[in-house]
Amino acid sequence: MSTSMPRIWFVLPTYNEKDNVRPIIEAILATIPEASVLIVDDNSPDGTGAIADELAAERSNVAVLHREAKEGLGRAYVDGFCNVSARGAEIVVQMDADFSHPVRYLPALLEPLLTGQADMALGSRYVPGGVIPRWNPVRRFISKGGSLFARIVLRLPYRDLTGGFKAIRSQVLQSIDLDAVHAGGYAFQIEMTYRAYRLGSRIVEVPITFEERREGASKMSRGIVLEALKVVLALRWAAARGQVPATKPGRL
């Protein structure tokens, strides 16, 4: 990548990821060496934050944001977005720290933004070429059904609305009222895409293979799923009342 490359920051929320945090940072920076990484740790009791600090001491392109308590994935991302924006980020990549989002797809995810074709790229499991090789039918139904529900209710053209593997141009983040965004997992992912779409962002989907986490336990819960359903309905109602900002396509 050339010296004229936009400043790319990765935002990785962590909670009890001590076995994953060092390998994932090393893998990201081996794939995109010019990038920087912000680890947003929610006071992990397993010592993830201390490992993150070690990484930051070793590498000038790694930083850590320590939060006092776990407040939800969305809030961790919002705090991270604000932090890297203040550091001059031009493109922000959000992804999980557990290797479920394979780093080999990073060049493909970034390409639409680097070539000026898009303002946001979604790593998609549900477009042609997207794969989830090891999910059980129940988990697959919840994820795919949630995306379909959001597509219909919010009238969005994208197939994977619940995924958390995204590249976002900084202008998109600056145009969204981040304080108004909900803090949950699926809900946050859906809402960020919806708000960006309403503001005219050019959004594309890039096929990925979604892997199982390498270490640790999944943080998905029934409450996160139910929250997402409620937020989708609330967003549709708010948009109908003119409470979700909108503009013409291609304005960003």
Just name the residue that is surrounded by the most Cβ atoms within 10 Å (Cβ to Cβ) out of those in region 40-58 that are part of a helix (DSSP H, G or I) and of a type outside the set (A, V, I, L, M, F, W, C).
Thr48
Show the residue pairs that are 6+ apart or on different chains and have beta-carbon atoms under 6 Å apart, the first residue being within region 39-66 and over 9 Å from Lys18 (Cβ atoms) and touching a residue at least 40 places away in the same chain (Cβ under 8 Å), the second being outside any strand (DSSP E or B) and not acidic (Asp, Glu).
Ile39/Ala52; Val40/Ala76; Val40/Gly80
If you go through Leu110, Leu122, Leu114, the only one that is surrounded by 19 or more Cβ atoms within 10 Å (Cβ to Cβ), modelled with pLDDT of 90 or more and either over 18 Å from Gly74 (Cβ atoms) or of a type in the set (Val, Ile, Thr) (or both) is Leu110
Of all residues being in contact with a Ser or Thr (Cβ under 7 Å, 6 or more places away or on another chain) and surrounded by 23 or more Cβ atoms within 10 Å (Cβ to Cβ) in region 11-39, which is nearest to His66 (Cα to Cα)? Just the residue, please.
Ile39
Checklist (1) modelled with pLDDT of 90 or more; (2) touching an Asp or Glu at 6+ places or on another chain (Cβ under 6 Å) applied to Glu215, failing item
(1)
So which of Arg202, Arg155 ends up being free of Cβ contacts under 8 Å to residues at least 12 places away in the same chain and not hydrophobic (A, V, I, L, M, F, W, C)?
Arg155
When the residues of region 132-175 are filtered to those that are hydrophobic (A, V, I, L, M, F, W, C) and touching a Phe, Trp or Tyr at 6+ places or on another chain (Cβ under 7 Å), which remaining residue is farthest from Asn83 (Cα to Cα)?
Ile132
Among the residues of region 76-88, is any outside any helix (DSSP H, G or I) and either free of Cβ contacts under 8 Å to residues at least 12 places away in the same chain or among the acidic types (Asp, Glu) (or both)?
no
Taking the stated definitions as given, is Ala69 surrounded by fewer than 19 Cβ atoms within 10 Å (Cβ to Cβ), without any contact (Cβ under 8 Å) to a residue 40 or more places away in the chain, part of a helix (DSSP H, G or I) and of a type in the set (A, V, I, L, M, F, W, C)?
no
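The values are calculated or read from the model by the stated rules, or taken from the named source; none is laboratory data. None of these values were measured; they are calculated from a predicted model. All Cβ positions, even for glycine, are placed from backbone atoms using ideal geometry, and neighbour counts span all protein chains on display.
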